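The values are calculated or read from the model by the stated rules, or taken from the named source; none is laboratory data. For clarity, every value in this text was computed on a predicted model and none was experimentally measured. Here the Cβ is made from the backbone with ideal geometry for all residues, glycine too, and neighbour counts use every protein chain on show. Accessible surface areas use protein heavy atoms only, side chains included; no ligands, DNA or RNA. Shrake-Rupley method; radii C 1.70, N 1.55, O 1.52, S 1.80 Å.
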Protein chains: 2
Amino acid sequence: MEKSRLFNSEEQRVLEEIILNRRDVRGNHFLDKPIEDDVLEKILMAGLNAPSVGFSQPWEFVVIKDKDIRNKIKKSFETESAKAAELFEDEKQKEYIKLKLEGITESPLNIAVYYVPKKGPVLGQTSMPDMGRFSVTCAIQNMWLMSRALNVGMGWVSILDPKEVAKVINAPDSHELIGYLCFGYTDMFYEKPELEILKWDERKYKDDVVFYEKYQ
Amino acid sequence: MEKSRLFNSEEQRVLEEIILNRRDVRGNHFLDKPIEDDVLEKILMAGLNAPSVGFSQPWEFVVIKDKDIRNKIKKSFETESAKAAELFEDEKQKEYIKLKLEGITESPLNIAVYYVPKKGPVLGQTSMPDMGRFSVTCAIQNMWLMSRALNVGMGWVSILDPKEVAKVINAPDSHELIGYLCFGYTDMFYEKPELEILKWDERKYKDDVVFYEKYQ
């Protein structure tokens, strides 16, 4: 039997630091500096080697650099974000409007990540139909961590109408947008999540969210 | 401005190796050896520091060691897997039945991971309502990678009826099961995903799933 790779405490610490230093980066921190091809390759490699339900690998990635396409995607963000602002009340609405929430055109590289449902049953997805979507999300999280390790910022933009995005990049009706990602070098990474620093919401600790054996 | 942590190529390589060596581990490879408390702490830390839409952190984790509870969860797996087998035809069904697909009772530690929807609007979730579920999935992927770095195997069991799991551990109706995870030390990690080795499905490469600028 082949000997498995064992990681040591130094290596565990590296992963811990990558996890703790990962941030959602928005347009006010991206630099006007292209992402090198070998860096893009590594980010895609991380996605391609994510876990997937029944080894279905139900993902597709559309790498977008074209400025015209990104301008059109940004229009969908503006429409959706204006609608979203209406949902927040009073002070929260004022805060929402002030936030910079995407970096679609400021970052040099976007990747639209799609879920492509398979025809027929998928092993592991028969009782929990969302498992394919979750596999694609695991790919995105792998890309996020790899991106951070490469000192490249990533922002996940979800304030978009998937139908509008599909129109702009000709995505087939069978495909479902899971994440629209912006990548770029940055002037800095915040020490904590920006929404934590701004007190938009409070951090949850272990005692808040971990239960033992069962709910009471 | 605080100086941000920059990672070097050695550290990037560590993450790459963790990603490439991560596996879904099932009951035929778990060892009868408990997970130490500090190891569990690190796995939970990885989940708690995942990205979340609007910093909502919409996750809860139920840590399960009790054998009786795990036996009850396993019953749900057996029921669901028998139903699933019926969906596959001929040779695929024969293969399915032979597969070991979970390690609920062979692993010493299970964690049920729940999505707890927030009342009121969530920043970033207004146009794509699944974003909360995807945040919880990012937490699971962080836990999976940290677990692998700690040389602990993890298996994600999705062949379960979430309603049955909820009954067994008293999960509130408002909570939604995203992943049921099994953790344990293992006798080995496969060099490739088990379902790839068994030719259940074929690996997808970059040229199969990466597109540029738009779909044609």
What is the Cα centroid distance between the stretch B:73-113 and the stretch A:123-182, reported in whole angstrom? 27 Å
Using a 1.4 angstrom probe, figure out how much accessible area chain A has per residue, in square angstrom, rounded to the nearest whole. 44 Å²
Taking each residue of A:190-203 in turn, how many C-beta atoms of other protein chains fall within 10 Å of its C-beta, and what is the average? 3
Name the long-range amide H neighbours of A:Asp24: under 5 Å, sequence gap of 5 or more, or other chain; modelled H, no Pro or chain starts. A:Glu194
Keeping the other protein chains in place, figure out the carbon and sulfur percent of the accessible area of the stretch B:28-190, with a 1.4 Å probe. 51 percent
Using only protein heavy atoms and a 1.4 Å probe, how much accessible area in total is buried between A and B, to the nearest 100 Å²? 9700 Å²
Once fully extended, how much extra length lies between A:Gln216 and A:Ser9, figured as 0.36 nm per residue of separation less the alpha-carbon to alpha-carbon distance? 70.9 nm
Note down the magnitude of the dipole of the protein assembly as shown about its Cα centre, charges +1 on Lys and Arg C-beta and -1 on Asp and Glu C-beta and zero elsewhere, to the nearest 20 debye. 280 debye
Residue-by-residue Karplus 3J(HN,Hα) for the stretch B:88-103, coefficients 6.51, -1.76, 1.60, Hz, glycine and proline x: 8, 10, 6, 4, 4, 5, 4, 4, 3, 4, 6, 6, 8, 10, 7, x
Report the accessible area of B:Met131, computed with a 1.4 Å probe over the heavy atoms of all protein chains in place, in Å² rounded to the nearest 10. 10 Å²
Please list, or write none, the lysines whose alpha carbon is within less than 23 Å of the alpha carbon of B:Lys94, excluding same-chain residues fewer than 8 places away. A:Lys118, A:Lys119, B:Lys74, B:Lys75, B:Lys83, B:Lys192, B:Lys199
Simple label model, 7 Å out from Cα along Cβ direction - A:Asp68 to B:Asn170, nm: 6.2 nm
Applied in sequence order to the stretch A:25-42, the curve 6.51 cos²θ - 1.76 cosθ + 1.60 (Karplus, θ = phi - 60°) yields integer Hz couplings, x standing for Gly and Pro, of 9, 10, x, 7, 10, 6, 9, 7, 9, x, 8, 5, 4, 6, 6, 4, 4, 5
Please list A:Glu213, A:Glu80 from largest to smallest accessible area, probe radius 1.4 Å, with all protein chains kept in place. A:Glu213, A:Glu80
Could you sort A:Arg5, A:Arg148 by their accessible area in this structure, using a 1.4 Å probe and putting the largest first? A:Arg5, A:Arg148
With each label point set 7 Å from Cα along the Cα-Cβ vector, what nm distance links A:Glu78 and B:Glu36? 5.6 nm
What nm distances, shortest first, do you get from the label point of B:Glu196 to those in the other copies when the point sits 7 angstrom along Cα to Cβ? 3.4
At a threshold of 8 angstrom on Cα-Cα distance, excluding pairs fewer than six apart, so keeping six or more, what relative contact order does chain B reach in percent? 34 percent
Across peptide A:130-136, what mean number of C-beta atoms from other chains lies inside 10 Å of a residue's C-beta? 5
Accessible-area value, A:Arg13, 1.4 Å probe, nucleic acids and ligands omitted, Å²: 110 Å²
Using mean Cβ contacts within 10 Å as the protection proxy, how do A:181-190, A:37-46, B:48-57 order, highest first? B:48-57, A:181-190, A:37-46
Counting only DSSP beta bridges with both residues in chain B, tell me the antiparallel percent, nearest 5. 95 percent
On each of the three principal axes of the Cα atoms of the protein assembly as shown, give max minus min coordinate, whole Å, ordered largest first. 52, 46, 41
Can you give the average number of partner chain beta-carbon atoms within 10 Å of each beta-carbon in peptide B:56-64, as a whole number? 5
Among the aspartates and glutamates, which have Cα under 20 Å from the Cα of B:Lys3 when same-chain residues fewer than 8 positions away are ignored? A:Glu16, A:Glu17, A:Asp24, A:Asp32, A:Asp187, A:Glu191, A:Glu194, A:Glu196, B:Glu11
The whole-number value in µm²/s of the Stokes-Einstein translational diffusion coefficient for the stretch B:28-190, with Rh from the Kirkwood sum over alpha carbon pairs at 10 °C and 1.306 mPa s, is 95 µm²/s
Using only C-alpha atoms and all pairs of different ones, pull out the Kirkwood radius for the stretch B:1-98 in Å with one decimal. 18.4 Å
